[in-house]
């Protein structure tokens with residue numbers, strides 16, 4: 001059966017967001033666990049906002065020594081203060097109704113919560129030759145290998161990545177949003 005909830009994991013710049021956008025063509029809603037963290041940082045930190053406005057999030061995380069560590073620290077603080085599932089709760093609620101691809105699964109307990117939904121769930125690692133952890137933060141270590149269903153190498157073209165996703169997931173046509181799987 002076609003999965004209705006997909007979690008993507010992998011190093012920074014491995015192609016997780018690109019894979020998620022490709023899956024959107026097949027009816028998946030793209031979300032990021034870190035979306036609320038980004039919104040809070042953007043709204044409350046003028047230095048982050050300036051860099052993001054100038055370069056976008058992905059480029060800002062690459063070129064600014066402040067952006068990625070700030071997002072990581074903010075996420076850790078919010079999880080500590082408000083509970084470890086505060087970010088995945090939003091995703092789990094959304095996944096009850098639509099096929100969802102989560103483009104940034106980075107912690108084992110996030111995977112475990114996604115698996116607990118009862119939806120047909122796949123955890124996919126996206127790899128790319130030459131990518132390594134972005135820094136020494138615990139989020140960059142990756143999830144337990146036993147939680148990963150399959151690994152897709154992203155060392156070719158975007159078309160190659162799409163073909164690999166289609167083959168691996170058995171996608172043939174768009175999933176209709178709003179239908180329960």
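The values are calculated or read from the model by the stated rules, or taken from the named source; none is laboratory data. Predicted model only: the values in this text are computed from it and were never measured. All Cβ positions, glycine included, derive from the backbone under ideal geometry; neighbour counts span all protein chains shown.
Brief remarks follow.
- Set side by side, the residues 61, 16 differ, and just one is at pLDDT 90 or above and within 16 Å of the chain's Cα centre (by Cα), which is 16.
- Residue match in the range 65-79 (condition: surrounded by fewer than 17 Cβ atoms within 10 Å (Cβ to Cβ) and either at pLDDT below 85 or not in a helix (DSSP H, G or I) (or both)): yes
- Hey, residue 104 within 22 Å of residue 31 (Cβ to Cβ) and surrounded by 12 or more Cβ atoms within 10 Å (Cβ to Cβ) or not: yes
- Taken over the range 117-137, the criterion of being touching a residue at least 24 places away in the same chain (Cβ under 8 Å) and over 23 Å from residue 5 (Cβ atoms) is satisfied by 128, 129, 131, 132, 133, 134, 135, 137.
- Residues of the range 5-30 satisfying the condition of being in contact with a helix residue (DSSP H, G or I) (Cβ under 6 Å, 6 or more places away or on another chain) and over 19 Å from residue 160 (Cα atoms): 5, 7, 30
- Criterion (in contact with a strand residue (DSSP E or B) (Cβ under 9 Å, 6 or more places away or on another chain) and in contact (Cβ under 8 Å) with a residue 12 or more places away in the chain) met by exactly one of 108, 104, 144: 104
- Residue within the range 137-157 that is at pLDDT below 85, assigned to a loop (DSSP other than H, G, I, E, B) and assigned by TED's automatic domain parsing to the domain that holds residue 18 present: yes
- Residue match in the range 36-45 (condition: under 15 Å from residue 94 (Cβ atoms) and touching a residue at least 60 places away in the same chain (Cβ under 8 Å)): no
- Candidate set: the range 80-100, residues that are in contact (Cβ under 8 Å) with a residue 60 or more places away in the chain and in a loop (DSSP other than H, G, I, E, B); chosen: the one farthest from residue 171 (Cα to Cα): 97
- When 61, 16 are checked against the criterion of being under 20 Å from residue 106 (Cα atoms) and not assigned by TED's automatic domain parsing to the domain that holds residue 122, a single residue qualifies: 61.
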